[in-house]
Amino acid sequence: MQASRRRFILGAASAMAAALLPSGLHHARASEAPVIAAASDLQFALEDIASAFARDTGQSVRLAFGSSGNFARQIRQGAPFQAFLSADEEYIIGLERDGFLKAKPVLYGVGRIVIMVPRGSPLKADGTLDDLRAALNDGRVQKFAIANPEHAPYGKRAEEALRHRGLWEAVRLRLVVGENVSQAAQFATSASTQGGIIAYSLALAPKVAALGAYDLIPQEWHSPLRQSMALVKNAGPVAERFFAYLQTPDARAVLTRFGFVVPGE
């Protein structure tokens, strides 16, 4: 396994296994930093933003990455997250409706999905999914990765795109399902699969891009990935300041760099 691939897989796995991932703890002990729950498509973008926040304000947050559906359930069960960045605004809307939020949610971006294949794969990085169709027919694809559609928005949109192209029944028995889209990206860039459908924001990260090739899937083939964020009821002043920082031009520029369409663009 290439060293760069190994570092990405181990790093992402550690982030998921350690329910709370510290980021940018330059001026505060970890115990003092509020925990921010974030969809795993934000793994690289939000780490950059959190580091800049720590540098600019002298305050810090801890980042927990995972699937939006699981985080929404955990917040309902009393998990001590102070803010939540979801990959699907419906989870945020539900939390607001049921009284779990401190203030109105904010749309922070719209995401995209891509097909990604590892280096040496017999499958082409073809966003039309025409080569995936051919590869399913001729046996070039034995394993194909997506996030779990039951609670991961990027997995749900992957399923929608595959259904749109009439490929769902042919591919579903060959699926390797990640707990979230970050884990799906690990699978899609490893030698254990011939590729997968992952978040554009992850494919743009240099650590991931170095592991293979990708191509955008038409956004008309799936429901929009409207991604919203909100402060949870127990949010303190540092979380509130970070939430405001996420809406600054500098933070929005990072999101744009990682492929999100931010409000107003």
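Points to keep in mind about this one:
- Distance between the 7 Å Cα→Cβ label points at Ala210 and Gln77: 3.7 nm.
- Listed values (i) 13.3; (ii) 18.2; (iii) 15.7 include one computed from this model; for mean projected area of the Cα convex hull in nm² that value carries the label (i).
- The trypsin sites (Lys or Arg not before Pro) found in the stretch 181-265 that occupy coil by DSSP, while having at most 16 further C-beta atoms within 10 Å, are Lys233.
- For the chain, the Cβ-based charge dipole about the Cα centre amounts to some 500 debye (Lys, Arg positive; Asp, Glu negative; other atoms uncharged).
- 12 Å beta-carbon shell around Asp130, net charge (K/R +1, D/E -1): 0
- Taking a Cβ cut-off of under 12 Å around Ala87, the surrounding Lys, Arg, Asp and Glu residues balance to a net charge of 0, with basic ones at +1 and acidic ones at -1.
- Positive-end residue of Ala145, Leu85, Leu246, charge dipole of the chain with Cβ unit charges: Ala145
- Summing Cβ point charges (Lys, Arg +1; Asp, Glu -1) relative to the Cα centre of the stretch 88-206 gives a dipole of roughly 260 debye.
- Rounded, prolate or oblate (a/c below 1.5 giving rounded, otherwise prolate when a/b exceeds b/c) for the stretch 112-221 by Cα gyration tensor: rounded
- Counting only DSSP H runs of at least 4 residues, each contributing -39500 (n - 2.57), and dividing by the residue count of the chain, the helix-based mean residue ellipticity at 222 nm comes to -11500 deg cm²/dmol.
Only the coordinates and a few stated rules stand behind these numbers; no lab work does. The structure displayed is predicted, hence computed values, not measured ones. Every residue, glycine as well, gets a Cβ built from its backbone with ideal geometry; the counts of neighbours run over all protein chains shown.
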